[in-house]
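Reading through the structure tokens given below for one structure.
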Amino acid sequence: MKALFDPDLDAIADEEDIAEFRRAFAMVGEDHRRILTILLPRLAALQERGDSGGALELIAEIKRAILRKDAPPH
């Protein structure tokens, strides 16, 4: 019986995801980069603990922070 998940294919997908993230991160402005640098490790920790609610709250916080930075000055 063939395995459903091939570890080699998973590793390739992970490498592709990491490369895509790095390309996108390089295009982000300095202010947004600082926000993400602080909040993404917290998001990863919440995910590892299985805290979906906390992760969703943090995602909303990231969105608010980034959108607030994009808002034109009044």
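Both radii were evaluated on the Cα set of the stretch 28-70; the Rg over Rh quotient, with Rh as the Kirkwood radius, amounts to 1.01. For the stretch 30-36, putting each phi into the Karplus relation 6.51 cos²θ - 1.76 cosθ + 1.60 with θ = phi - 60° gives couplings of 4, 4, 5, 4, 5, 4, 5 Hz, in residue order, rounded to whole numbers and with x for Gly and Pro.
Stretched out straight at 0.36 nm per residue, the stretch from Glu57 to Asp14 would grow longer than its current Cα-Cα span by 13.0 nm. Peptide packing: for 46-53, 58-65, the average count of neighbouring Cβ atoms within 10 Å per residue gives the ranking 58-65, 46-53, highest mean first.
Read-outs: derived from the displayed coordinates by stated rules, not from any lab. Nothing here was measured: the structure is a model prediction, and the numbers come from that model. A quick note on method: Cβ atoms are made from the backbone with ideal geometry, for glycine too, and the neighbour counts reach across all protein chains shown.
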